[in-house]
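The values are calculated or read from the model by the stated rules, or taken from the named source; none is laboratory data. Since this is a predicted model, take the numbers as computed values, not measurements. Here the Cβ positions follow ideal geometry from the backbone for every residue, glycine too, while neighbour counts run over all protein chains shown. In case anyone asks, the SASA skips ligands and DNA or RNA and just uses the protein heavy atoms, side chains included. Shrake-Rupley method; radii C 1.70, N 1.55, O 1.52, S 1.80 Å.
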Amino acid sequence: MNDEHTGAVQQVIQYMKEHLDEPMTTQQLADLVGYSPFHFSRVFKRVTGISVRQYLSALRVESGKTELLKRPSLLVKIGMTIGLSSPGTFNTRFKQFVGLSPKRFRSTSESLHQYVNQYENKPLSWAEEELNDLPRIHCQIEAPENFRGMIYVGVFPRPVPDQKPISGTAVNLRNRSCILTRIPAGTYYVLAAGIPWSLNPRDYYLLNNSLRGKLDNPVHIDETTDLSVKIALREPLPYDPPIVVNLPLLLFEKDRGNSAK
């Protein structure tokens, strides 16, 4: 990847983070680094995987998550501090990215944190009949030897986890393999995140420091697909988009659905 392009994108991302409460245009951001809007948009997407507007929306939602976890606050006030002055816009954008409303996110953060931590010493298990379905993707995860935590793996329509996955699962303890099933025909990206165990709920929702992993190329799925892939987890990079989707909630919903079978 071009070092000049990477540096320019990082400079713009830092500016975005420091001015979330202000309106921003692609022209304005491109001017910061001396690029034309068209060239800047192409470079930005090549480096981050998503468009400038999508990245800015993710940053604003991530900042909203931070404020919601920090202190009880009026949603209108939070929306204004991150450049989303309309409560309706903030609620809609938040639910689209995170998977639940701001109010529910705030009210369930403690209980979901406790739910996840029960698996620190207890193995996860999924229904065998589901794992035999086609299409499916067998994933082998490579993580640092000293990693201790939950590893989430999912199939996403874009190369960033900014919405609920098409199919997702998780592994814990020393397990480093999983199977993704029930994937409709289409082209997708396989992404993974490794979140260390923590007694602080914030560490399960604000994931700037979590390990990241992505299959380099998109996967093309049809009804006969049976793939085997490897994904290496790595430390986060300065230009990685925020992981805004609520991973503990996804685990809870999958576990609940599995128990109901």
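Only one of (1) open to solvent by 20 Å² or more (accessible area, probe 1.4 Å); (2) at pLDDT 80 or above; (3) not hydroxyl-bearing (Ser, Thr, Tyr) fails for residue 94. Which number is that?
All conditions pass for residue 94, except number (1).
Kindly indicate the residue of segment 19-43 that is at pLDDT 95 or above and open to solvent by 90 Å² or more (accessible area, probe 1.4 Å) and also farthest from residue 60 (Cα to Cα) among those meeting that condition.
Across segment 19-43, the extreme among qualifying residues is 38.
Any residue that is open to solvent by less than 40 Å² (accessible area, probe 1.4 Å), more than 18 Å from the chain's Cα centre (by Cα) and at pLDDT 90 or above - is there at least one of those in segment 46-62?
no
Yes or no: residue 87 more than 25 Å from residue 10 (Cα to Cα), modelled with pLDDT under 85 and loosely packed, with under 14 Cβ neighbours inside 10 Å?
Against the criterion (more than 25 Å from residue 10 (Cα to Cα), modelled with pLDDT under 85 and loosely packed, with under 14 Cβ neighbours inside 10 Å), residue 87 does not qualify.
Output the strands (runs of 3 or more DSSP E) that fall wholly within segment 183-261 and possess 1 or more residues being open to solvent by less than 80 Å² (accessible area, probe 1.4 Å) and farther than 30 Å from residue 7 by Cα, or say none.
Filter on segment 183-261 gives 186-196, 219-221, 226-232.
Only residues in segment 41-63 that are in contact (Cβ under 8 Å) with a residue 60 or more places away in the chain and polar (S, T, N, Q) count as the first member; pair them with residues that are open to solvent by less than 50 Å² (accessible area, probe 1.4 Å) and outside any helix (DSSP H, G or I), Cβ under 6 angstrom, at least 6 apart or cross-chain, and list the lot.
From residues that are in contact (Cβ under 8 Å) with a residue 60 or more places away in the chain and polar (S, T, N, Q), the pairs are 48/239; 48/241.
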